[in-house]
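Scroll down for the structure; my scribbles are underneath it.
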Amino acid sequence: MDATAPLLSPLLPVQLFLAAARALGQSSRALELALKRMSSKHAMASVFAGYRPGAHDVFVTCFSKSGTNWTMQMAVQLAHRGAAEFEHIHHLVPWPDAPLFPGVIPLDDPGPRQRAPTGLRAIKTALPAAYVPYSPDARYLCVARDPKEIVVSAYYFVTSTFGLRAHISPEQWLELSLKPTSMISMWPEHMASYWSWRDRPNVLVLMFPEMKRDLAGTVDRVARHLGVTLDADQRAAVIHKCSFAYMKSKQSCFAPPRMPLLTGRARGEMIRSGKTGDLDFITPKLRAQLDEMMLARLRELGSDFPYRELFMANG
């Protein structure tokens with residue numbers, strides 16, 4: 001992904017729209033509309049239209065701000081047995097969900113799998129399983145993260161990416177998040193869809209807290225899932241390159257493009273804290289509201305995802 005979005009790029013209308021809204025004091029409403037449009041069912045249905053996965057495909061299917069870059073890095077480093085180097089991860093990993101972003105390698109480009117010694121390549125998508133093509137030959141990785149943590153992480157990421165930190169307060173972001181059409185309202189459908197796939201041998205659902213507690217063990221689990229064998233030096237290289245400290249030091253390799261009409265010379269920060277239990281500005285009352293929102297929708301979907309046990313302190 002290029003460091004700066006070219007002025008005459010598909011991101012220009014988005015920048016102009018948000019810049020105008022910012023000037024008019026309507027940043028919160030404009031961001032709500034922009035996020036809603038990006039997550040429309042029609043847009044989702046067209047992302048993988050006609051694509052047939054192969055044995056070389058590793059779908060990284062995390063919900064936004066659930067450790068997506070971390071999981072992509074793990075898949076890419078395992079595909080290259082710890083030797084992958086890149087200017088930006090999306091020069092190796094297609095992201096069909098984001099056709100507006102410049103510099104992302106196309107889905108039909110065979111280069112990444114041809115250059116990987118294992119013949120594997122990762123594909124990023126935040127879509128629910130209903131919109132992702134399934135094949136028993138491909139592999140699928142999903143990460144379950146507490147949606148309350150996602151709300152906090154998404155606030156810092158979105159407002160830094162679009163230059164809105166001074167224009168949208170945490171309280172306004174929480175108000176948006178509690179709406180039935182918010183970004184986080186889609187989490188139950190996403191999680192339930194991949195949880196229903198969890199018994200398929202080519203699907204691995206990881207828990208974000210466990211990944212944090214045991215990085216080496218997680219690397220071993222994912223390597224087995226992908227059918228990748230590593231010697232001791234290769235394993236150590238993968239673990240090192242998947243550490244928070246290493247990825248933080250390579251921030252530009254994962255960051256979104258700079259949007260000059262919104263952020264000037266700055267770029268959004270993709271890798272901020274990577275902590276579990278980071279609920280920052282969410283009060284206990286709002287935590288309870290978010291929990292009930294997630295639980296109610298999971299019940300509607302008939303999902304047995306163990307939300308209380310995983311993400312509610314009192315179970």
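The values are calculated or read from the model by the stated rules, or taken from the named source; none is laboratory data. All values reported here derive from a predicted model rather than from experimental measurement. In this analysis, Cβ positions are derived from the backbone assuming ideal geometry, glycine residues included, and neighbour counts consider all displayed protein chains.
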Is there any pair with a first residue in segment 295-314 that is part of a loop (DSSP other than H, G, I, E, B) and a second that is acidic (Asp, Glu) whose Cβ atoms are under 8 Å apart and which are 6 or more apart or on different chains, and what are they?
-> MET312/ASP291
With the checklist (1) over 15 Å from the mean Cα position of the chain (by Cα); (2) within 22 Å of SER252 (Cβ to Cβ); (3) buried (at least 16 other Cβ atoms within 10 Å of the Cβ) in hand, flag the one item GLN73 doesn't pass.
-> (1)
Among all residue pairs at least 6 apart or on different chains, which show Cβ distances below 8 Å where the first residue, located in segment 113-134, is under 19 Å from SER193 (Cβ atoms) and the second is modelled with pLDDT under 95 and of a type in the set (Asp, Glu)?
-> LYS124/ASP97; THR125/ASP97; ALA126/ASP97; LEU127/ASP97
Which listed residue, of LEU92, LEU107, LEU141, is in contact (Cβ under 8 Å) with a residue 12 or more places away in the chain, closer than 30 Å to ARG235 by Cα, buried (at least 22 other Cβ atoms within 10 Å of the Cβ) and touching a Pro at 6+ places or on another chain (Cβ under 6 Å) | LEU92
Say we look at segment 144-172 and pick out the residues that are crowded, with 22+ Cβ neighbours inside 10 Å and among the aromatic types (Phe, Trp, Tyr); which of these is nearest to ASN202 (Cα to Cα)?
-> TYR155
How many residues, within segment 161-170, are in contact (Cβ under 8 Å) with a residue 24 or more places away in the chain and either part of a loop (DSSP other than H, G, I, E, B) or of a type in the set (D, E, K, R) (or both)?
-> 5
All conditions in (1) over 27 Å from LEU279 (Cβ atoms); (2) modelled with pLDDT under 95; (3) surrounded by 19 or more Cβ atoms within 10 Å (Cβ to Cβ) are true of LYS241 except (2)
Kindly check whether there is at least one residue in segment 77-88 that is of a type outside the set (A, V, I, L, M) and within 15 Å of the chain's Cα centre (by Cα).
-> no
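Residues checked against (1) part of a helix (DSSP H, G or I); (2) among the charged types (D, E, K, R):
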| residue | (1), (2) |
| --- | --- |
| ALA122 | no, no |
| ASP137 | no, yes |
| ILE150 | yes, no |
| THR159 | yes, no |
| TRP187 | yes, no |
Within segment 226-255, which residues are more than 23 Å from LEU204 (Cα to Cα) and part of a helix (DSSP H, G or I)?
-> ALA232, ASP233, ALA245, TYR246, LYS248, SER249, GLN251, SER252, CYS253
Say whether the condition of being among the acidic types (Asp, Glu) and modelled with pLDDT of 95 or more is met by at least one residue in segment 43-58.
-> yes
Has segment 119-133 got at least one residue that is charged (D, E, K, R) and surrounded by fewer than 19 Cβ atoms within 10 Å (Cβ to Cβ)?
-> no
Filter segment 205-216 down to the residues that are part of a helix (DSSP H, G or I) and touching a residue at least 60 places away in the same chain (Cβ under 8 Å), then identify the one that is surrounded by the most Cβ atoms within 10 Å (Cβ to Cβ).
-> MET211
Candidates GLU32, GLU87, filtered to the one that is of a type in the set (Asp, Glu), within 30 Å of LEU262 (Cβ to Cβ), out of contact with any helix residue (DSSP H, G or I) (no Cβ under 6 Å at 6 or more places or on another chain) and in contact (Cβ under 8 Å) with a residue 60 or more places away in the chain | GLU87
Return the pairs, sorted by first residue and then second, in which the second residue is among the aliphatic types (A, V, I, L, M) and part of a helix (DSSP H, G or I), the first residue lies in segment 184-204 and is over 13 Å from PRO128 (Cα atoms) and modelled with pLDDT of 95 or more, the beta carbons are less than 8 Å apart, and the residues are 6+ apart or on different chains.
-> LEU204/VAL222
